[in-house]
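The values are calculated or read from the model by the stated rules, or taken from the named source; none is laboratory data. These numbers were taken from a predicted model, which means no experiment stands behind them. Cβ sites come from the backbone with ideal geometry, for glycine too, and all protein chains shown count toward neighbours.
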Amino acid sequence: MTSYAEPREKPKLGRPSEADLRLKNNRLGMTIFQLSWIMAFVAMIIVNWQLRFSYSEWPPAGVAPFDPLLPSSATLALLLSAFLVRRGVEAQRSGHLIGFTMCWRGAMALGVAFMAVIIYEFVNVSAAAMATQYGITMRLMTGFHFVHALAIVAVLLHVYRKGSRGHYSSDSWALEGAAKLWYFVTLAWMLFYVVLYWIR
Amino acid sequence: MATIAVPLGAEAEEQVADAVKRPALSEYLRWSVDHKIIGVQYGIASFIFFIVGGAMAMLIRLELWSPDLDLMVSGAAYNSLFTIHGTIMIFLFIIPMWAAFGNFVVPLQLGAKDMAFPWLNAFAFWLIPPAAIVVLLGYFVSPAEAGWTSYPPLSTLFSGDGQTLWALGAHLLGISSIMGSINFIVTIFNMRPPEMTVWRMPLLCWAVLATSIIAVMATPFLAGALTLLLLDRVAGTTFFDAAGGGDVLLWQNIFWFYSHPAVYIMVLPGMGVLSEVLAIHSRKPVFGYRMVGLSSMGIAFVGFTVWAHHMFTSLQPELRIPFMITTMIIAVPTGIKMFSWLGTIWGGKIRFTSAMLFALGFLSLFVIGGITGVMLAALPFDIHVHDTYFVVSHFHFVLFGGSVFAIYAALYHWFPKITGRMMNERLGVIHFVFTYLGFLFTFFPMHIVGMLGMPRRVAVYDARFTDWNQFISFSAFVLGFSTFIVIYNIIRSYYRGPIAGANPWRALTLEWQTTSPPPPTNFVDDPIPFEEPYGYGTAASAAYLEAVDEAFGRDDPSQ
């Protein structure tokens, strides 16, 4: 983890200081990563979409559609969690360490609740659905997303533990980067959520 | 003009050589975050894979010497041989080899101290050896037999466990490629000196930028496809099995959505190299600089719209014509480059260095590969030569005649910068002659046997093709032999080559405005780029080069 505590160098004419350049690089790198890796989720959506053509109707005949109630609440929890992550970063920026810890605790709790619902949904796909691509692609997509959510919740937790001890300065990249990863998880889920539960 | 402050002075060449020590060879075996070390690590690793993959090609040609099975115990053994040949050459040789030159040259051309994310850079490289071990292990355990394209159901129902390892290894290589490409894009956007606008960027940087954009946007599709393949093989899903509601065309769509853009990942940096080498060694500005930069972007963009031309025989018929049209359109930006190269060398003061010879070799061979590409884009012709040696010939013309010739041009061109010593030009010319003739007589006759109907990917063929195949195999052995010349040249020149000096080619781009090899921070002071990267033949450029000579000591062994 890079420390941003060192004093900034005096910028030379026309060239950004080392610290500014590093922040600029991190931000652009994160944006490109998000644009890039969302394509893996888009690929999964295309898989789902192409496999629908193997069937005359979707969900296939004899398979009950997934109940969107529980996943919708989980989606709301995830959105709220992303919002809290944002609030937490803002609080830390303005020096409110308590605000940061409260927001991020809430965000992580909501994130874990979201993942619990996803596990429940993943386990409870009916046998009839699993006999068709309707169930198989659902498990593919939720499972693929879950792996990312799990990894990034671990990142949030790691950054939270350091951040709650005041490890980061107010212009730290670590919090911003972790938050942006969590937005990525949120956006990726929104795409999947719409495709899985609403596009019939 | 140039304000390059390096406290060396116009002293004797030994002093210049002593001023910058080459890294010890053991440095290259260790974790290092220096982009120059990482570049050489990429280069050496991928060159080793080139030799391994080349040895496999020799075995393939030996098997095809006679129409019957002789070297191979079975057709399946032959299948796994060409599968691993293709996999090594694409994933472990060409793609990482461009990461080698990109890593070494791009930060220097931008006047940067290192890449934007040095640690990530090293990590991306160190993913390659384990990935290679996994892939090669698969070959010895229970080899994949489905070709490098791994079409199901060949790759799900017929291939051994090596196919699973193949998919795991390819997954790692894809992740490495994405990380490397993010690094290149951020470096190119953020690390340029303030004087260097995008329109003053060297064309290799343009090409690497376009390549990296393709890699970050397309490689996740490979990851998706490989995930499905792994699940089908290991977890019992049926994505590619029609009996379970799956679709075999699903693989072809997702895989080619990555792998067609990936052919531009393999050739675009070579096109960038060509613009550099042709301009520098014919002492002329690049003809139509802006259009060349934009045509790289054009190829990157149009490259995403053509994937289904690999599926002309399996696609829904009504989709064929649109893909035929987009495929033909991609010849336009490629043609722009072709004419730019011809315009660049036209009337130039050409020096036939080894780098220049290989660049001219690329020019002549790639145009053949490009034209057969347009032929294959034409649907009726494609169906006629589908899965014949015509296709084999086409993609070797663009990947060997294109990429590998550009890799050799880049090697001869930047070797002095990398090691501080010149390569032997006489050996370089001999290497070029053997490579060029060996290549041409290996792959050009394949067009003919392909049109006569010899199918690809078979060990046993009709006896009437025997003469052709013996001629092809003989030429292939000449081509294989030519590689030993360059290996000898590299080793000999590394120890005994003449000292190169800072700027042996008298080039204007920034990588030459520092010592050879560059110091760990690349430049002693922030370098100032010349107003035009290829502004040769003006009084201002002569003054700039004069200033560089004064700063680093005049040293021009090529004269």
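Does region B:164-171 include one or more residues that are out of contact with any strand residue (DSSP E or B) (no Cβ under 7 Å at 6 or more places or on another chain), of a type in the set (S, T, N, Q), away from chain A (no Cβ under 11 Å) and under 27 Å from B:Asn79 (Cα atoms)? There is at least one residue in region B:164-171 that is out of contact with any strand residue (DSSP E or B) (no Cβ under 7 Å at 6 or more places or on another chain), of a type in the set (S, T, N, Q), away from chain A (no Cβ under 11 Å) and under 27 Å from B:Asn79 (Cα atoms). Here A:Thr75 clears all of (1) outside any helix (DSSP H, G or I); (2) in contact with a Phe, Trp or Tyr (Cβ under 8 Å, 6 or more places away or on another chain) except the condition numbered (1).
Residue count for region A:23-45 under the criterion of being buried (at least 18 other Cβ atoms within 10 Å of the Cβ), more than 22 Å from A:Val147 (Cβ to Cβ) and either of a type in the set (Phe, Trp, Tyr) or at the interface with chain B (Cβ under 7 Å from one of its Cβ atoms) (or both): the result is 1. Close contacts from region A:99-123, counting a first residue that is small (Gly, Ala, Ser) and a second that is in a helix (DSSP H, G or I) and surrounded by 14 or more Cβ atoms within 10 Å (Cβ to Cβ), with Cβ to Cβ under 6 Å and a gap of 6+ residues or different chains, come to A:Gly99/A:Ala91; A:Gly106/A:Leu84; A:Ala107/A:Ser81; A:Ala107/A:Leu84; A:Ala107/A:Val85; A:Gly111/A:Ser81; A:Gly111/A:Val153; A:Ala113/A:Ala77. Within region B:195-226, the set of residues being touching a residue at least 40 places away in the same chain (Cβ under 8 Å) and closer than 30 Å to A:Ala131 by Cβ comprises B:Pro220, B:Leu222, B:Ala223, B:Leu226. The residues of region B:59-78 that are of a type in the set (D, E, K, R), touching an Asp or Glu at 6+ places or on another chain (Cβ under 9 Å) and either farther than 14 Å from B:Gln470 by Cβ or surrounded by 15 or more Cβ atoms within 10 Å (Cβ to Cβ) (or both) amount to a single one, B:Glu63. If the condition is being of a type outside the set (A, V, I, L, M), in contact (Cβ under 8 Å) with a residue 60 or more places away in the chain and crowded, with 18+ Cβ neighbours inside 10 Å, then region B:467-497 contributes B:Asn469, B:Ser473, B:Gly480, B:Thr483, B:Asn489, B:Ser493, B:Gly497. Reported count of residues in region A:82-134, each being within 14 Å of chain B (Cβ to nearest Cβ) and in contact with a Leu (Cβ under 6 Å, 6 or more places away or on another chain), is 1. Scanning region B:241-253 for residues that are in contact with a Gly (Cβ under 9 Å, 6 or more places away or on another chain), within 30 Å of B:Asp161 (Cβ to Cβ), within 11 Å of chain A (Cβ to nearest Cβ) and buried (at least 24 other Cβ atoms within 10 Å of the Cβ) turns up nothing.
Within region B:276-294, residues that are more than 11 Å from B:Ser340 (Cβ to Cβ) sit with their Cβ atoms under 6 Å from residues that are surrounded by fewer than 24 Cβ atoms within 10 Å (Cβ to Cβ) and of a type in the set (Phe, Trp, Tyr), at 6+ positions apart or across chains, in these pairs: B:Ile280/B:Trp505; B:Arg283/B:Tyr536; B:Lys284/B:Tyr536. Consider region B:227-240 and keep the residues that are without any contact (Cβ under 8 Å) to a residue 60 or more places away in the chain and assigned to a loop (DSSP other than H, G, I, E, B). The one that is farthest from the other protein chains (Cβ to nearest Cβ) is B:Gly236.
When each of B:Ala132, B:Ala144, B:Ala122 is tested for being aliphatic (A, V, I, L, M) and surrounded by 24 or more Cβ atoms within 10 Å (Cβ to Cβ), the lone residue that passes is B:Ala144.
Here is the figure for region B:417-459: residues that are small (Gly, Ala, Ser), part of a loop (DSSP other than H, G, I, E, B) and farther than 30 Å from B:Val374 by Cβ total 2.
Out of B:Ala502, B:Ala540, I need the residue that is aliphatic (A, V, I, L, M) and assigned to a helix (DSSP H, G or I). Which one? Of the residues listed, the single one that is aliphatic (A, V, I, L, M) and assigned to a helix (DSSP H, G or I) is B:Ala540. Scanning region A:16-36 for residues that are more than 14 Å from B:Ile185 (Cβ to Cβ) and either touching a Pro at 6+ places or on another chain (Cβ under 6 Å) or not charged (D, E, K, R) (or both) gives A:Pro16, A:Ser17, A:Ala19, A:Leu21, A:Leu23.
Does region B:262-269 include one or more residues that are within 14 Å of chain A (Cβ to nearest Cβ), more than 26 Å from B:Phe184 (Cα to Cα), in a helix (DSSP H, G or I) and out of contact with any Gly (no Cβ under 7 Å at 6 or more places or on another chain)? No, every residue in region B:262-269 fails to be within 14 Å of chain A (Cβ to nearest Cβ), more than 26 Å from B:Phe184 (Cα to Cα), in a helix (DSSP H, G or I) and out of contact with any Gly (no Cβ under 7 Å at 6 or more places or on another chain). Is it fair to say A:Ala64 is in contact with a helix residue (DSSP H, G or I) (Cβ under 9 Å, 6 or more places away or on another chain), more than 14 Å from every other protein chain (Cβ to nearest Cβ) and not basic (Lys, Arg)? Yes. For region A:46-61, name all the residues that are under 25 Å from B:Thr219 (Cβ atoms), buried (at least 19 other Cβ atoms within 10 Å of the Cβ) and more than 8 Å from chain B (Cβ to nearest Cβ). Listed by number, the list holds a single entry, A:Asn48. Within region B:152-166, identify whether any single residue is of a type in the set (Ser, Thr, Tyr) and closer than 29 Å to A:Pro16 by Cα, and answer yes or no. Looking for residues that are of a type in the set (Ser, Thr, Tyr) and closer than 29 Å to A:Pro16 by Cα, one finds none in region B:152-166, hence no.
So is B:Ser155 at pLDDT below 95 and surrounded by fewer than 22 Cβ atoms within 10 Å (Cβ to Cβ) or not? So B:Ser155 does not fit the description; no. The set of residues in region B:90-113 being of a type outside the set (A, V, I, L, M) and either over 18 Å from B:Thr509 (Cβ atoms) or more than 14 Å from every other protein chain (Cβ to nearest Cβ) (or both) consists of B:Phe91, B:Phe93, B:Pro96, B:Trp98, B:Phe101, B:Gly102, B:Asn103, B:Phe104, B:Gln109. Would you confirm, using the coordinates I've provided, whether B:Pro193 is under 23 Å from the mean Cα position of the chain (by Cα) and either outside any helix (DSSP H, G or I) or within 12 Å of chain A (Cβ to nearest Cβ) (or both)? The answer is no for B:Pro193.
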